[in-house]
Structures are given as structure tokens and as C-alpha cells.
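Working notes for the structure below.
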Amino acid sequence: MLSNEKPIIPLDSCFFLTLNTVDKIDVFVRPAYKQVIADALNYFIECHGLTVYAWTLMTSHLHLVIRTKESSAPAYFERDFKKYTTPAVLTTIEMEMDFRRTWMMKHFEEYGKSLGRIEKFNVWQNCSSPLRFDGQQPRTLLERIDHIHENPVRERIVEQPEAYMFSSARDYAGMRGLVNVRVVQQQGIFGIKKLSVN
């Protein structure tokens, strides 16, 4: 449960989060499902002031390096993002006529019941245990970004990180990605010459 009092977060803080699907189900196997997440990230960037420095969507989880508006706690973003994406993912599953639809919906419903939630279906697990990074320490930040960009390579989906469409590795390689990320330069997120915003 989120407290009504917002914690004080340093302005230069950014966070690494991993959002996992219920039971680590491989939900994001179809491009339409993946596009829901890319569109949602762009919505939160445009309408909620979210800054996304990096992202990679795998079949059962989403890695993010973000900074929230006015340095609010990432738990508020996580809550709102899950609320926003769950109905969109469920609708897309229905529209795609996925042969796993009934099986997935049963898992999503059972997870909601186990938590005693009002929401009937839950696509996402509850906690993500975000890690806070100092935006003035670009080396640590860039190491984390490289690590998440390597996920599709480690899973043998692609040979090069920038070949994976549902990741910001494309932006870091100078190509246009699906999400309007802010590319981190060697100087960090504040003391920089120029940030690339695609």
C-alpha cells in the first residue's frame, strides 16, 4: 500500500525497475502485445512527465531506467503504469485471438484473487524493488543500461542489441526507437552537452 506522504527523492535520482508478469508468463510474444507497452511508455512520457533513459521489453518482463516527474517515488509510476497497461493488454489478447488466451486469463484472475484485489485480472506481479541511481554517476547508469540492452542478445533473440525493436538500444546506436527516450551521454543526465531526444 502506498503512503499518502510522498517520500523526498533527490532531484538527480533515477531508478532501475523490472516489472514482471504474473507467474512470469510469456505474455509479450506478439508484436501487438509489445506495442501496447511502447505506446504506454510514450503516453507516460508525454502526459505524466516521465523520463525514460532506457527500456527493454522481454516476453515476461519489462526493464526500465527512468526518472519520475518532480522526483516522486517510482512506486507511484509503477502503480499507475500497471493500472493503465493491464486493460490494454487484456483487450489486445482478446483481439489477437491468442490460443493461450483462456490459460493466461485464468492465471491473471487467480493472481488477483490470491491478493484479495478489487481488480479481477492482474497482468503484472506486485513489486519491482526499484534501485536508485545518482544521475551524476553516468558510468553506473550506463552499465545498467548496457546490461538491459543485452537481454535480447543473451536470450539469443538477436545478435546485436540494436536489432531488437522493443528496446532503447536502437536509440543508443543512433537509430529511431519506438519510445521517446532520453539518451544518456558520458557526462550524466544533468551535466551534459546535449541530450538526444528521439
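Taken together, the values in this text are just the output of simple stated rules run on the coordinates, not laboratory data. The structure presented is a predicted model; accordingly, all values stated were derived computationally and were not measured. No Cβ is skipped: glycine too gets one built from the backbone with ideal geometry, and neighbour counts run over all protein chains shown.
How high is the FRET efficiency from residue 157 to residue 23, r the C-beta distance, R0 22 Å, rounded to 0.05? After rounding to 0.05, the efficiency reads 0.55. 3J(HN,Hα) along the stretch 146-153: 4, 4, 6, 5, 7, 3, x, 6 Hz, from the Karplus curve 6.51 cos²θ - 1.76 cosθ + 1.60 with θ = phi - 60°, whole Hz, x for Gly and Pro. Length gained on full extension, residue 165 to residue 69, computed as 0.36 nm times the residue gap minus the Cα-Cα distance: 31.9 nm. For the stretch 13-197, the dipole from Cβ point charges (+1 on Lys and Arg, -1 on Asp and Glu) about the Cα centre works out to 240 debye, to the nearest 20. Extension gain, residue 173-residue 99: 0.36 nm per intervening residue step, less the Cα-Cα distance, totals 23.0 nm. The stretch 128-151 and the stretch 77-115 have Cα centres spaced 28 Å apart. Restricting the calculation to Cα atoms, the stretch 13-197 shows an Rg/Rh of 0.97 when the hydrodynamic-style radius is the Kirkwood one. Placing a label point 7 Å from the Cα of residue 42 along the Cα-to-Cβ direction, the residues of the stretch 166-181 with a backbone N closer than 17 Å are 166-172, 175-181.
Bridgeable aspartates and glutamates around residue 120 (alpha carbons under 14 Å apart, same-chain partners fewer than 8 residues away excluded): 109, 110. With point charges of +1 on the Cβ of Lys and Arg and -1 on the Cβ of Asp and Glu, referenced to the Cα centre of the stretch 26-113, which listed residue (91, 112, 47) lies farthest in the positive direction of the dipole? Positive-end residue among those listed: 112. Put in order of Cβ neighbour count within 10 Å, fewest first, the listed residues 103, 55 become 103, 55.
With neighbours defined as other Cβ atoms within 10 Å of a residue's Cβ, the residues 131, 57, 17 order from fewest to most as 131, 17, 57.
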